[in-house]
Amino acid sequence: MSNADVPLWAAIAVAFFLILGSALALIGSYGFVRLQNFYERLHAPTLGTSWGTGGIVIASIIYFTVTGQRLAIHELLVGLFITLTTPITLMLLARAALHRDRAERNPDVPVAPIPFPLVEGESEKNEG
């Protein structure tokens with residue numbers, strides 16, 4: 001099956017998901033440029049790449065399933081890998097930056113939470 005033999009419904013679906021995925025990736029990139037500090041900049045690209053990749057992976061699955069006359073699900077591994085690794089990378093980068101900024105005593109970073117003081121006699125209640 002050549003590219004000219006792709007059914008209209010498949011071409012429309014592939015185009016829709018490609019445009020959707022590309023738009024979400026573009027929004028994430030815009031958020032990366034527009035937002036002010038490191039902590040704000042982490043969020044937009046993470047969501048943009050995760051959801052943008054999802055749209056492109058769906059388009060790829062539809063196209064290769066229709067043109068190959070078999071179910072093409074190996075693209076799901078790419079989507080699964082990106083979906084799992086992007087939030088983990090975000091969390092590790094944020095924790096490293098937070099640790100660095102707290103060590104440098106940066107005033108723009110929230111201080112570490114202070115544990116609530118124990119009320120007299122509370123420790124015995126929790127232990128027993």
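Just so you know, all these numbers are worked out from the coordinates, no wet-lab data involved. What you are looking at is a predicted structure, and each value in this text was computed from that prediction instead of being measured. Cβ placement follows ideal geometry from the backbone for every residue including glycine, while neighbour counts extend to all protein chains displayed.
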Self-check item: Residues in the range 35-50 that a label on Met91 would reach, taking backbone N under 16 Å of a point 7 Å out along Cα→Cβ
Solution: 43, 46-47
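State the extension gain, in nm to one decimal, for the chain segment bounded by Arg70 and Glu40, taking 0.36 nm per residue of separation less the distance between their alpha-carbons. Intermediate results must be reported in sequence, preceding the final value.
On the way: separation 30, 0.36 × 30 = 10.80 nm, distance 4.26 nm.
Length gained between Arg70 and Glu40: 6.5 nm.
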Quiz item: Label Phe81 and Arg105 with points 7 Å out from Cα along Cα→Cβ: what is the distance between them in nm?
Solution: 4.5
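Using Cβ contacts closer than 10 Å as the measure, can you line up Ile12, Ile61 from fewest to most? Let's see the in-between values first.
On the way: Ile12 12, Ile61 19.
Result, fewest neighbours first: Ile12, Ile61.
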